[in-house]
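K.L.:
Take this structure, written in structure tokens, and hold onto it; I'll ask about it next.
No value in this document is a laboratory result; all are computed from the given coordinates. Being a predicted model, the structure only gives us computed values, none of them experimental. When we count neighbours, we look across all protein chains shown, and the Cβ atoms used for this are built from the backbone with ideal geometry, even at glycine.
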Amino acid sequence: MLEIIYWSLIIFVARVVDVSLGTIRVNMIVRRKKTLAAVIGFFEVAIFISIIVRITEQVNSIYGILAYAAGFAVGTVIGIIISEKLSRDLISTNIISKNHCDEIKELLKEDGYGITCYTGKGINGEVEIINVVCSQLNAKRMNKLVYNTDPKAFMASYMLDRIRGGFIRGLKKK
């Protein structure tokens, strides 16, 4: 029984590492880092094959299968956390608030965000649009600031591929 627990633990840990690497590899592919994605993929597959071989040897043990599944679940979460920490992705967010635009602009400026404002036309007439470019790490804080000021504010974000110039909180100085 001790050997089954030992191998189940090894399978779990190996699967956590394998799936975490897979998540990071996909992130590298999206960011067009081909060589790094290939190296990570090599280790990911080597670990995966080693785990599968061990599980097929113990096909009659439910513990190995449960360890494999639990390792996948935990590895997914850990991979996402690691990817977020490694990410230097920039996002652009448009914010539209019916009644709190000036408050939101002031709060964002006070907190160090660069903002650009322009006028657009909505279904009910003219609207002011606040645009903020920041790193994904700072986006959560920005979202919270806006939400606390106006929970009904419309916000749309998208990832940026390349930028040049300007001010970005935490990356560039004024």
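K.L.:
Residue by residue through segment 114-120, which ³J(HN,Hα) values in whole Hz follow from phi under the Karplus form 6.51 cos²θ - 1.76 cosθ + 1.60 (θ = phi - 60°), with glycine and proline marked x?
P.N.:
Result, rounded to whole Hz: x, 10, 10, 10, 8, 9, x.
K.L.:
Over 28 Å between Cα atoms: which of Lys33/Lys121; Lys85/Lys144; Lys105/Lys140; Lys34/Lys105; Lys85/Lys121 fall into that group?
P.N.:
Violating the 28 Å limit, Cα to Cα: Lys33/Lys121; Lys34/Lys105; Lys85/Lys121.
K.L.:
Still on this structure, please answer the following. Report the full-extension gain for the segment Glu103 to Ile10: residue separation times 0.36 nm, less the Cα-Cα distance, to one decimal in nm.
P.N.:
Taking Glu103 through Ile10 to full extension adds about 28.1 nm, to one decimal.
K.L.:
While we're here: Would you work out the charge dipole size for segment 90-160 about its Cα centre, treating the Cβ of every Lys and Arg as +1 and the Cβ of every Asp and Glu as -1, and quote it to the nearest 20 debye?
P.N.:
It works out to roughly 260 debye.
K.L.:
Let me ask something else about it. Which one of Tyr147, Ile123, Gln136 is farthest out on the positive end of the charge dipole of segment 106-152, using unit charges on Cβ (Lys, Arg +1; Asp, Glu -1) and the Cα centre as origin?
P.N.:
My answer, from the dipole projection, is Gln136.
K.L.:
Next up: Picking from Tyr113, Val13, Val74, whose Cα lies most toward the positive end of the charge dipole for segment 3-123 (charges on Cβ: Lys, Arg +1; Asp, Glu -1)?
P.N.:
Tyr113
K.L.:
Now for a separate question. Could you give the radius of gyration (one decimal) and Dmax (whole number) of the Cα atoms in the chain, in Å?
P.N.:
Using the Cα atoms of the chain, the pair Rg, Dmax is 22.8, 71 Å.
K.L.:
Placing unit charges on C-beta atoms (Lys and Arg positive, Asp and Glu negative, everything else neutral), compute the dipole magnitude of the chain about its Cα centre in debye, rounded to 20. Intermediate values should be presented prior to the final figure.
P.N.:
Numbers: 23 positive and 15 negative charges, 147 e Å.
Computed charge dipole of the chain: roughly 700 debye.
K.L.:
Another question, then. How would segment 35-101 be classified by its alpha-carbon gyration tensor: rounded, prolate or oblate, with rounded meaning a/c under 1.5 and the a/b versus b/c comparison settling the rest?
P.N.:
Oblate, because a/c is 1.5 or more while a/b does not exceed b/c.
K.L.:
If the elastic network links every pair of Cα atoms under 10 Å, which of Asp18, Asp89, Asp161 fluctuates the most in the Gaussian network model of the chain?
P.N.:
Asp161
K.L.:
Which of the helices in the chain meet the span-like rule: DSSP H, Cα axial reach of 18 Å or more, Kyte-Doolittle mean at least 0.0?
P.N.:
Qualifying helices, which must be both long enough and hydrophobic enough, are 2-30, 34-57, 62-86.
K.L.:
Packing-wise, with mean Cβ within 10 Å as the measure, how do 32-40, 126-134 rank, highest first?
P.N.:
Averaged packing, sorted descending, gives the order 126-134, 32-40.
K.L.:
Let me know the charge dipole size of segment 2-86 about its Cα centre in debye, to the nearest 20, where only the beta-carbon of Lys, Arg (+1) and Asp, Glu (-1) is charged.
P.N.:
520
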